[in-house]
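Asker: I'd like to ask some things about the structure below.
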Amino acid sequence: MLTLIVPGALNQRTGGYRYDARLLDGLRARGWQVQVCELDGTFPQVDEQARAAMDAALRAQPDGARVLVDGLALGGLPELAHNHASRLRLIALVHHPLGDETGLDETQAVELHQRELKALQAVRLVITTSDFTARRLRTLASIHAPAMGLVQRQTPRASSGDRSSAGPRAGSDMGADAGLDPGAGHPSSPGSIQVPIAVVEPGVEPAPCAAADHQPPRLLCVATLTRRKGHEVLLRALAGMVGLQWHLNCVGSAERDVDHANHLRSLVMAFGLAGRVDFVGELDDAALTAAYAGADVFVLPSFYEGYGMVIDEALAHGLPIVSTGGGALAQTVPAGAGLLVPPGDVDALAEALRLVLTDGALRARLRAGARQRRIHLRGWTQVAAAFDSILEGV
């Protein structure tokens, strides 16, 4: 038996929620009984409604229950996690550190890091969706919680092998973490708190290869319209490329940050891009598959990603990729399938897009690289199997 606690509805179409939902489908297929507890309130900077909902959800669990808590819900309420740590088998699922969200000031970021790390000290196991996030948590612990050690747990991994990237690239704004050994934990010391950590990367559904070489070339960006996703950087890059042929479709909800979404629409008008940029909103699975199938190049201008599931979706469709190296993206985009640029760098993104749009041979090589990688992508059955093995030991 497993209980998953998530903030809000599980059917939301962000990467984190889609990971959670597909994971549960896979565990149920393997015979697990799974119940979902959807919390009301605001997270991760919690309000009283959120606090009451989390408290009620944890109190409702019987002693010894195995409870998987999405990091977005757990990190803002460390005191509640500690209240139930001795009687519940708490497991944290961290998609990316809460304090790394774009747009936070330093005080907000530090407070979220400290609260999240305090919450993680109450769990039996931390599971992240990328090696990058595991390394990042270790670095944050060394700064904000030096008595805490995150120790790599050796478990079957749902991994697809080497993800190193080639092409124009630079380290992310968390680049200092890039050289850390994912298996290196803090040494034990008197009074230290040792928390095991494991990595289970996302899966992806098999998909047909996209048609190639539309005129004008079709760019596709799949990302919620929030600051962290970097749409403004993309629009500014394209504003300098009006002399080239291209069309951009942006798929993603405009409801999470309405002011920012309206700002992006105003930029389209100000830059003279009306008719060349479409914000099509959130799409269901069939419509999203059609959007990938109708694209020529996939673009992800994010400042930061804890993994970047849409990269694997683009690879599953055999699409060449132009992306930043923000957060885990430098590892998620594989060698030979995409070009990487520094997050937030308008000129570098414009140059990479210009290369892919104007150099047919380069675009063909990247497409071939993506189609080669697609045959090695993880499926969700592998993800569920890895999780199954991990959960049985908690």
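Asker: State the extension gain, in nm to one decimal, for the chain segment bounded by Phe271 and Thr42, taking 0.36 nm per residue of separation less the distance between their alpha-carbons.
Answerer: Values: separation 229, 0.36 × 229 = 82.44 nm, distance 3.49 nm.
Contour length minus Cα-Cα distance gives 78.9 nm.
Asker: Arrange Trp32, Trp246 by Cβ neighbour counts within 10 Å, fewest through most, would you? Display every interim value, and only then the final one.
Answerer: Numbers: Trp32 17, Trp246 20.
Taking fewest neighbouring Cβ atoms as first place, the list is Trp32, Trp246.
Asker: How far, in nm, would the chain grow between Arg51 and Glu232 when pulled straight, counting 0.36 nm per residue and subtracting the alpha carbon separation?
Answerer: Values: separation 181, 0.36 × 181 = 65.16 nm, distance 3.41 nm.
Extra length available between Arg51 and Glu232 comes to 61.7 nm.
Asker: Please state the equivalent ellipsoid semi-axes for the stretch 1-83: what are the square roots of 5 times the Cα gyration tensor eigenvalues, largest first, in whole Å?
Answerer: Rounded to whole Å, the semi-axes are 21, 16, 9.
Asker: Another question, then. Quick check for you: which residues of the stretch 64-82 have the amide N under 17 Å from the point 7 Å beyond the Cα of Ile143 toward its beta carbon?
Answerer: Counting backbone N atoms under 17 Å from the label point, the list is empty.
Asker: Between Val258 and Asp25, what is the label-to-label distance in nm when each label sits 7 Å out along the Cα-to-Cβ direction?
Answerer: 3.1
Asker: Separate question: Bin width 5 Å, alpha-carbon pairs only: give the P(r) of the stretch 209-296 as whole percents, running from 0 to the bin holding the largest distance.
Answerer: 3, 14, 26, 24, 19, 11, 3, 0
Asker: Given the Cα-Cα distance of Ala293 and Thr102 and 0.36 nm per residue of separation, how much length would full extension add, in nm? If you can, show how the numbers build up before the last one.
Answerer: Numbers: separation 191, 0.36 × 191 = 68.76 nm, distance 3.03 nm.
Full extension of this stretch gives 65.7 nm more.
Asker: In addition: Which ordering of Phe387, Phe303 is given by a fewest-first count of other beta-carbon atoms within 10 Å? Present the calculation step by step, with values, prior to reporting the outcome.
Answerer: Working: Phe387 26, Phe303 21.
Going from sparsest to densest Cβ surroundings: Phe303, Phe387.
Asker: Still on this structure, please answer the following. Neighbouring Cβ atoms within 10 Å as the yardstick, rank Val341, Val34, Val46 fewest first. Spell out each step's value before the answer.
Answerer: On the way: Val341 26, Val34 15, Val46 21.
In increasing order of surrounding Cβ atoms, one gets Val34, Val46, Val341.
Asker: Put a dot 7 Å past each Cα toward the Cβ at Leu362 and Gln35; how far apart are the dots in nm?
Answerer: 5.6
Asker: Given Cβ point charges of +1 (Lys, Arg) and -1 (Asp, Glu) and nothing else, what value in debye, to the nearest 20, does the dipole of the chain about its Cα centre take?
Answerer: Numbers: 36 positive and 42 negative charges, 199 e Å.
Charge dipole, the chain, about its Cα centre: 960 debye, nearest 20.
Asker: Further question on the same structure: Rounded if a/c is under 1.5, else prolate if a/b beats b/c, else oblate: with a ≥ b ≥ c from the C-alpha gyration tensor eigenvalues square-rooted, which is the stretch 218-374? Provide the component values of the computation, followed by the final result.
Answerer: Values: a/c = 1.42, a/b = 1.25, b/c = 1.14.
Because its axes are fairly even, with a/c under 1.5, the stretch 218-374 counts as rounded.
Asker: Quick check: Cα centre of the stretch 335-355 to Cα centre of the stretch 1-62, how many Å?
Answerer: If we compute the Cα centre of each part, the gap is 36 Å.
Asker: If you build the convex hull over the alpha carbons only and average its shadow over all orientations, what do you get for the chain? Give it in nm² to one decimal.
Answerer: Details: hull surface 72.3 nm².
Convex hull of Cα atoms, orientation-averaged projection: 18.1 nm².
Asker: Right, here's the next one. How much of the pair distance distribution for the stretch 63-133 lies past 18 Å, counting alpha-carbon pairs only, in percent?
Answerer: Details: 866 of 2485 pairs.
Percent of Cα pairs beyond 18 Å in the stretch 63-133: 35.
Asker: Rounded to the nearest 500 deg cm²/dmol, what is the calculated helix-only ellipticity per residue at 222 nm for the chain, with -39500 (n - 2.57) per DSSP H run of length n ≥ 4?
Answerer: On the way: 14 runs with 151 residues, N = 394.
Rounded to the nearest 500, it is -11500 deg cm²/dmol.
A short reminder: the numbers here are calculations on the coordinates, not readings from a lab. Computed from a predicted model, the values in this text were never measured in an experiment. Cβ sites come from the backbone with ideal geometry, for glycine too, and all protein chains shown count toward neighbours.
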